[in-house]
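The values are calculated or read from the model by the stated rules, or taken from the named source; none is laboratory data. These numbers were taken from a predicted model, which means no experiment stands behind them. Glycine gets a Cβ as well: all are built from the backbone with ideal geometry, and neighbour counts include every protein chain shown.
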Amino acid sequence: MKFIDTRGGETVTGAEAVVKGIASDGGLFVPERFPAVSREELNEMLAMDYPERAARILMKFFDEYDGEEMLAALKAAYSSFEGDDPAPLVRIDDGLFILELFHGPTCAFKDMALAVLPYLMRKGCDLAGIKERLLVLTATSGDTGKAALEGFKGKEGVDVLVFYPEDGVSKMQKLQMGTAEGDNVNVVAVRGNFDDCQTSVKKIFRDETVQTLLKQSGYLLTSANSINFGRLAPQICYYFSAYLDLVSSSQISLGEEADFSVPTGNFGNILAGYYAKRMGLPVGRLLCASNKNNVLTDFIKTGTYDVKRPFFRTMSPSMDILVSSNLERLIFELSGRDASLTAERMHALSASGKYTIRAEELKELKKTFAAGCTGEDDTVECVYEFFTEYGYPLDTHTGVAMNIAQRYLKKTSDDQAERRPMVVVSTASPYKFPQDVLYALTGNDVKDSYKGVKRIHLLTAMKVPEPIKAIRYLPVRFKTVVPPDKMADEVKKYCK
Ligand SMILES: *Cc1c(COP(=O)(O)O)cnc(C)c1O
């Protein structure tokens, strides 16, 4: 399948889209059309395991890849996850489910895609005839960084450079990144927030001097952020798989719709749900759940995206984002795939910090999306109440999505037409944010992450993931801190 650029500049193959990561004009690659998955096909996929279902979906986008090899790569990628199913659907109550996406090597949903991306990129280089070594540049609000470091460590022909906001991640996230292993990885902290990191990374991509220097040194720059379609595609698969699990466990019959509540930051996860719907998956509503950084809530309610507002640091740091990159892909669809209008809006966003979509577009948006945001107290209360009621510890990101889901269910409880199963997408293990989760569960503050881990374990009896145990005594290898305007220099260090 071919991929087009949301700002109209380029048409590329799937392999090229993955290897390049972002179009030269700053636009994002999207499939030229949404491949359809028919009811018969869904029916056939019921009996498949997760890697088989994922291979079926991915091959629709990456049809120049080899199907057998893709399946083998998916099996290998998910073999490092704990348990037999990388994305189990847990029934909590009548009509309420949690999709657990945190069983990978770094305990956050980013692993679902970043375990697969190295294969998509390496094979993509072969298919596109690219001989250069890849330099994977990543801006992270905490979880993408570690997942990229883990996914790419020791892989041939690729180096990884991760930038994260020095004070914008949890202690555990910092420890996870600082102790990363492998000779081909590097981690740099930035004095700024995630938006500073992401904006500087995007600037580096457009910096021709850096590009030329890298090229002369045999490097090609690419991205492991969710602006890369290779990140999005594997995320589409778990919406299919969760739906199929609802059907195979007789919670719904094939064709009935299910809703999803998604803790949202860069709009990557929820966009994958929208793509699944466009491919024919019976998705009802997608709830876009935000924390105090509620720019998306306002956008979905009013049609105006306005980043001129204070930035808050919250206990769900992976959602502390004001400029949600992947929204560009949705805006592109809403505009009727009008690339020049999309480019205009994105330029308005970087020039004046805002844009507004047309009334008909907003109406279309609201057919699928609903939005809500929570304050810190709501999140704490939700995590506490949920544990008290169901004995299930939510992490602080999933707590936001659960709170929004519960409010939505309450509001629509009298409306028969709105009665659909609700799947809350769980994006991280509670052990990844032990201090905040412990605070929510007990009101106690502990300074030490591992004290938090131990107490959560004693309280909940939930198994501590092996990767969390494993990094406790590893040496911290990476300690560099730079201001945002020095990030390009870190990239230039790869030049000979
Ligand atoms: C990245 C992340 C999110 C936000 O996902 P987006 O795809 O950026 O919207 C939510 N929760 C956790 C734990 C994350 O790591």
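If I filter segment 90-112 down to residues being outside any strand (DSSP E or B) and away from the ligand (no atom under 12 Å from the Cβ), which single residue comes out as farthest from Val169 (Cα to Cα)?
Top of the filtered list is Asp94.
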With the checklist (1) within 24 Å of Gly273 (Cβ to Cβ); (2) over 18 Å from the mean Cα position of the chain (by Cα) in hand, flag the one item Ile130 doesn't pass. (1)
Residue check, Ala76 modelled with pLDDT of 95 or more, closer than 23 Å to Asp159 by Cα and surrounded by fewer than 23 Cβ atoms within 10 Å (Cβ to Cβ): yes
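What's the total number of residues in segment 7-19 that are under 21 Å from Glu208 (Cα atoms) and surrounded by 24 or more Cβ atoms within 10 Å (Cβ to Cβ)? Write out each step before concluding.
Kept after step one, since they are under 21 Å from Glu208 (Cα atoms), are these residues of segment 7-19: 7-12, 16-19.
Imposing the further condition that a residue be surrounded by 24 or more Cβ atoms within 10 Å (Cβ to Cβ) reduces the set to 17-19.
Result for segment 7-19: 3.
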Within segment 133-188, the residues that are β-branched (Val, Ile, Thr), within 23 Å of Val210 (Cβ to Cβ) and either at pLDDT 95 or above or touching a Ser or Thr at 6+ places or on another chain (Cβ under 7 Å) (or both) are Val136, Thr138, Thr144, Val158, Val160, Val162, Val185, Val187, Val188
In this structure, is Leu362 modelled with pLDDT of 95 or more, under 30 Å from Leu254 (Cα atoms) and crowded, with 24+ Cβ neighbours inside 10 Å? no
Output for Cβ contacts, cut-off 8 Å, separation at least six or different chains, first residue free of Cβ contacts under 8 Å to residues at least 60 places away in the same chain and within 6 Å of the ligand (Cβ to nearest atom) in segment 255-275, second assigned to a helix (DSSP H, G or I) and charged (D, E, K, R), reads Gly268/Arg231
So which of His397, His347 is under 25 Å from Thr199 (Cβ atoms), within 16 Å of the ligand (Cβ to nearest atom) and part of a helix (DSSP H, G or I)? His397
Could you list, in sequence order, the residues of segment 18-41 that are out of contact with any helix residue (DSSP H, G or I) (no Cβ under 7 Å at 6 or more places or on another chain) and among the aliphatic types (A, V, I, L, M)? Ala23, Ala36, Val37
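Looking at Asp84, Asp94, Asp111, Asp49 in this structure, which one is in contact with an Asp or Glu (Cβ under 9 Å, 6 or more places away or on another chain), at pLDDT below 95 and under 24 Å from Val425 (Cβ atoms)?
Working: Asp94 fails: in contact with an Asp or Glu (Cβ under 9 Å, 6 or more places away or on another chain); Asp111 fails: at pLDDT below 95; Asp49 fails: at pLDDT below 95.
Criteria check complete, one pass: Asp84.
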So if I check each of Leu232, Leu214, which one is away from the ligand (no atom under 16 Å from the Cβ) and either part of a helix (DSSP H, G or I) or touching a Leu at 6+ places or on another chain (Cβ under 8 Å) (or both)? Leu214
When (1) part of a helix (DSSP H, G or I); (2) within 25 Å of Leu246 (Cβ to Cβ); (3) touching a helix residue (DSSP H, G or I) at 6+ places or on another chain (Cβ under 6 Å) are applied to Ile404, the one that fails is (3)
Please identify the pairs in which a residue from segment 216-238 that is within 19 Å of Glu16 (Cβ to Cβ) and among the charged types (D, E, K, R) has its Cβ atom under 8 Å from the Cβ atom of a residue that is in a loop (DSSP other than H, G, I, E, B) and within 12 Å of the ligand (Cβ to nearest atom), counting only partners at least 6 apart or on another chain. Arg231/Asn225
What residue, among those in segment 113-122 that are aliphatic (A, V, I, L, M) and more than 10 Å from the ligand (Cβ to nearest atom), is surrounded by the most Cβ atoms within 10 Å (Cβ to Cβ)? Leu114
With the condition kept exactly as written, say whether any residue in segment 320-333 is away from the ligand (no atom under 16 Å from the Cβ) and farther than 24 Å from Asp377 by Cα. yes
Could you tell me which of the residues Leu349, Leu334, Leu322, Leu330 is of a type in the set (A, V, I, L, M), at pLDDT 95 or above and over 30 Å from Ser241 (Cβ atoms)? Leu349
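Look through Val453, Val491 and report the one residue that is within 18 Å of Gln176 (Cβ to Cβ) and either buried (at least 18 other Cβ atoms within 10 Å of the Cβ) or in contact with a helix residue (DSSP H, G or I) (Cβ under 8 Å, 6 or more places away or on another chain) (or both). Full working, then the answer.
Working: Val491 fails: within 18 Å of Gln176 (Cβ to Cβ).
Only one candidate passes the filter, namely Val453.
Criterion first (touching a residue at least 60 places away in the same chain (Cβ under 8 Å) and within 16 Å of the ligand (Cβ to nearest atom)) does Ser290 satisfy it? Write out each step before concluding.
On the way: touching a residue at least 60 places away in the same chain (Cβ under 8 Å): yes; within 16 Å of the ligand (Cβ to nearest atom): yes.
Against the criterion (touching a residue at least 60 places away in the same chain (Cβ under 8 Å) and within 16 Å of the ligand (Cβ to nearest atom)), Ser290 qualifies.
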Please list, ordered by first then second residue, the pairs with beta carbon atoms under 7 Å, 6 or more apart or interchain, first in segment 91-119 and closer than 16 Å to Ser241 by Cα, second assigned to a helix (DSSP H, G or I) and more than 14 Å from the ligand (Cβ to nearest atom). Leu99/Ala242
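Of all residues in segment 123-148, how many are of a type outside the set (Ser, Thr, Tyr), within 14 Å of the ligand (Cβ to nearest atom) and in a helix (DSSP H, G or I)? Before you say what the answer is, go through the steps one by one.
Kept after step one, since they are of a type outside the set (Ser, Thr, Tyr), are these residues of segment 123-148: 123-137, 139, 142-143, 145-148.
Pick out the ones that are also within 14 Å of the ligand (Cβ to nearest atom) and you get 139, 142-143, 145-148.
Keeping just the survivors that are in a helix (DSSP H, G or I) gives 143, 145-148.
Looking only at that region, the number is 5.
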Residues that are hydroxyl-bearing (Ser, Thr, Tyr) and at pLDDT 95 or above, drawn from segment 464-493: Thr480
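Mind checking which residues of segment 410-448 are part of a helix (DSSP H, G or I), more than 16 Å from the ligand (Cβ to nearest atom) and touching a helix residue (DSSP H, G or I) at 6+ places or on another chain (Cβ under 9 Å)? Break it down stepwise before answering.
Pass one, segment 410-448, residues part of a helix (DSSP H, G or I): 410-411, 416-418, 430-432, 434-442.
After this cut, where a residue has to be more than 16 Å from the ligand (Cβ to nearest atom) as well, the list is 410-411, 416-418, 438-439, 441-442.
If the condition is that a residue be part of a helix (DSSP H, G or I), more than 16 Å from the ligand (Cβ to nearest atom) and touching a helix residue (DSSP H, G or I) at 6+ places or on another chain (Cβ under 9 Å), then Lys411, Glu418, Leu438, Tyr439, Leu441, Thr442 are the ones that fit.
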